[in-house]
Amino acid sequence: MDKLLSIVIPTYNAEKFLDKGLSTFILDDADKMKKLEVLIVNDGTPDNSVAVAQKFVDKYPDTFKIINKENGGHGSAINEGVKHVTAKFFKCVDADDWVITKNLEKLMDALEKSDADVVLSSYVDYDISTKKYTKRDIVNRDSNKDRIYSLKEIMDIWPDIFNGVQYHGILYKTAFYTSQNYKLSEGIFYEDQEYATMPACMAKTVQLVEEEVYVYRVGDVNQSIAAENQLKRLPHFHKVIDSMLSYEEKLAQCPDPEGAKLFWAKKTSMFIGSYYQVALIKSPDKKKYRKVVEQTNSKIQARSPYMYGCVKNKYKVFTVFNKLHMSDEFYNSKFSKFLFDIKRIWKLDKKLYY
């Protein structure tokens, strides 16, 4: 039986999480299980992750497979995993995360009928400190839930689909993705921004699946999103920003150039905005990174006047916040909510205010 969906799981030091995650891919529907492929990519892990994975391979050899490689980081593991995908579609799931099994089956039902280049779905955050689940839903307001969208149409409904274009919400048709021969940056963090942006720019067709499939585990101080780690990894931000800016020259070659440019601009400017927040707001020393950010902004202006036009107001706002010594807690709990409400009321996202 041909495989319908492959799951690529980059794995490094995940021994204490992997059993829980892999168990969520065991489906009650035997036929669906035969159409599912789970590729555990051993990224040279020094712990017992491989032994945990081997138990699943032994019990379900037609579904679970281990791919061994030397350590090269998250992007390297995805790049290698994609080479081994045999299913029509593939999705990446991190080794410390998991899926909602019943909704994975619903996703596979949708994929059975789909030929879209990109499929977006909802996901859920799980905070390990509060034990709280937070839904990150997408909304398909069309009465035809199987409707296929263009990238330009996706941008017209951005507030409804924003969560789906994150790493946790996006999946690709394998032939579409591999035909681009796109390689994620290796040996750095935040390359998931590349994964969920550049390949999607080439899409002719996008489908929405509203079910929450992915469960994203948050609240771990060791995660790349932890403030202290983000500050240490500012050079990684710079590399990914550079990579995303480099893609601008390819946008004219995309099947939907207008939609691709809007999509690329939105995703890239949002990542740059995250960079501003980390360097100017999350840093306890408010003066420490001002010069670095200023230099980065000058490089953005020189590399891409269009992108500079998208982010220059963000830069000014974050600079003001920095000089006012605004805390990250206040920004996240008060100001960002206020900004979200203003955007929603005035429909600024639909006007593509970056």
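Along Cα→Cβ, 7 Å out, is where each label goes; now give me the distance between the ones at Ile26 and Arg147 in nm to one decimal.
4.0
Please compute the Kirkwood hydrodynamic radius of segment 276-326 from all pairs of different C-alpha atoms, in Å with one decimal. Before the final figure, lay out the partial values.
Working: mean 1/r = 0.0908 Å⁻¹.
Radius from the Kirkwood sum: 11.0 Å.
Taking only the Cα atoms of the chain, how large is their convex hull per residue, in Å³? All intermediate terms of the calculation are to be shown ahead of the outcome.
Working: hull volume 47.9 nm³, N = 354.
For the chain, the hull spanned by Cα atoms encloses 135 Å³ per residue.
How many nm separate the modelled label positions at Val317 and Asp2, each set 7 Å beyond the Cα in the direction of the Cβ?
4.7
If you find the alpha carbon centre of segment 56-114 and of segment 146-215, how far apart are they in angstrom?
Between the Cα centres of segment 56-114 and segment 146-215 lies a distance of 16 Å.
Any idea what angle helix 336-346 forms with the longest principal axis of the chain, computed on alpha-carbon atoms, 0 to 90 degrees, nearest 10?
Here the helix axis deviates by roughly 90 degrees.
Distance in nm between label sites at Ala51 and Ser298, each 7 Å beyond Cα in the beta-carbon direction?
5.5
Considering only protein heavy atoms and a 1.4 Å probe, what is the carbon-and-sulfur percentage of the accessible area of the chain? Mind showing how you got there, number by number?
Values: 8440 of 16500 Å².
In the chain, the share of accessible area belonging to carbon and sulfur is 51 percent.
Starting from the Cα gyration tensor of segment 106-156, multiply each eigenvalue by 5, take the square root, and state the resulting semi-axes largest first in whole Å. Kindly include the intermediate steps, with their values, before the conclusion.
Values: eigenvalues 142, 40, 20 Å².
Output for segment 106-156: semi-axes of 27, 14, 10 Å.
Note down, for segment 79-124, the three equivalent ellipsoid semi-axes (square root of 5 times each alpha carbon gyration tensor eigenvalue), biggest first, whole angstrom. All intermediate terms of the calculation are to be shown ahead of the outcome.
Values: eigenvalues 62, 56, 18 Å².
They are 18, 17, 9 Å, listed from largest to smallest.
Given 0.36 nm per residue, what is the gain on full extension from Ser246 to Ser179 after removing their alpha carbon distance, in nm? The partial results should precede the final answer.
Working: separation 67, 0.36 × 67 = 24.12 nm, distance 1.92 nm.
Extra length available between Ser246 and Ser179 comes to 22.2 nm.
Output the 0 to 90 degree angle, nearest 10, between the alpha-carbon long axis of helix 74-83 and the longest principal axis computed from the alpha carbons of the chain.
40
How far is helix 305-323 tilted off the main Cα axis of the chain, in degrees rounded to 10, range 0 to 90?
It is inclined by approximately 70 degrees.
The values are calculated or read from the model by the stated rules, or taken from the named source; none is laboratory data. Since the model is a prediction, treat every value here as computed from it, not as a measurement. Positions of Cβ are generated from backbone atoms using ideal geometry, with glycine treated the same way; all protein chains shown enter the neighbour counts. Surface accessibility is based on the protein's heavy atoms, side chains included, excluding ligands, DNA and RNA. Shrake-Rupley method; radii C 1.70, N 1.55, O 1.52, S 1.80 Å.
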